[in-house]
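Enquirer: Pasting a structure below so you can have a look.
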Amino acid sequence: MANGDIRTYYEDGQWKSKVDGSSRAAHVGGTKAEQSAVGRDMARERGVEHRITRTDGAVTQQNSYGNDPRSSKG
């Protein structure tokens, strides 16, 4: 992940959303769905990528909000 991207993950019994490159989570608590919505909103505001992981750390969803190359098809 690039610095500034958002990651929603499970750690220490809680769902968290963090800006990549920061030392701690920006938002903590709630369900996975609630925290995913927080992370999505953070990524949209910043125009960056948002990754959501499972409790084991595997990425389950990845969305980009604004930094896609214009030469991509589709």
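The values are calculated or read from the model by the stated rules, or taken from the named source; none is laboratory data. Please read all numbers here as calculations on a predicted model, not as lab measurements. Here the Cβ is made from the backbone with ideal geometry for all residues, glycine too, and neighbour counts use every protein chain on show. The accessibility values were calculated without ligands, DNA or RNA, using every heavy atom of the protein model including side chains. Shrake-Rupley method; radii C 1.70, N 1.55, O 1.52, S 1.80 Å.
Enquirer: Specify, per residue and in Å³, the volume enclosed by the convex hull of the alpha carbon atoms belonging to the range 12-54. Display every interim value, and only then the final one.
Expert: Working: hull volume 3.1 nm³, N = 43.
Cα-based convex hull of the range 12-54, divided per residue, equals 73 Å³.
Enquirer: Now for a different question. Full-extension gain between Asn63 and Lys32, please, as 0.36 nm times their residue separation minus the C-alpha to C-alpha distance.
Expert: Values: separation 31, 0.36 × 31 = 11.16 nm, distance 1.60 nm.
Computed gain between Asn63 and Lys32 is 9.6 nm.
Enquirer: So what J values fall out for the range 40-45 if you push phi through Karplus, 6.51 cos²θ - 1.76 cosθ + 1.60 with θ = phi - 60°, rounded to Hz, Gly and Pro as x?
Expert: Coupling constants for the range 40-45: 4, 5, 4, 5, 4, 4 Hz.
Enquirer: What net charge do the residues around Arg54 carry, taking every other residue with its C-beta under 13 Å from that of Arg54, with Lys and Arg at +1 and Asp and Glu at -1? Could the numbers behind the result be given before it?
Expert: On the way: positive: Arg7, Lys32, Arg51; negative: Glu11, Asp56.
Result for the neighbourhood of Arg54: +1.
Enquirer: Within the set of other residues whose C-beta is less than 14 Å from the C-beta of Asp12, count the net charge using Lys and Arg as +1 and Asp and Glu as -1. Please list the in-between numbers first.
Expert: Numbers: positive: Lys16, Lys18, Arg24; negative: Glu11.
My count for the surroundings of Asp12 gives +2.
Enquirer: How large is log10 of I(q)/I(0) for the chain at q = 0.18 Å⁻¹ when the intensity is taken from the Debye formula with one equal scatterer per alpha-carbon?
Expert: After summing over all Cα pairs, the log10 values are -0.64.
Enquirer: Please compute the per residue accessible area over the chain with all protein chains in place, 1.4 Å probe, rounded to a whole number of Å².
Expert: Values: 4840 Å² over 74 residues.
Each residue of the chain exposes 65 Å² on average to a 1.4 Å probe.
Enquirer: Return the carbon/sulfur percentage of the accessible area of the chain, one whole number, probe 1.4 Å, all protein chains in place. Provide the component values of the computation, followed by the final result.
Expert: Values: 1980 of 4840 Å².
About 41 percent, which is the carbon plus sulfur part of the accessible surface.
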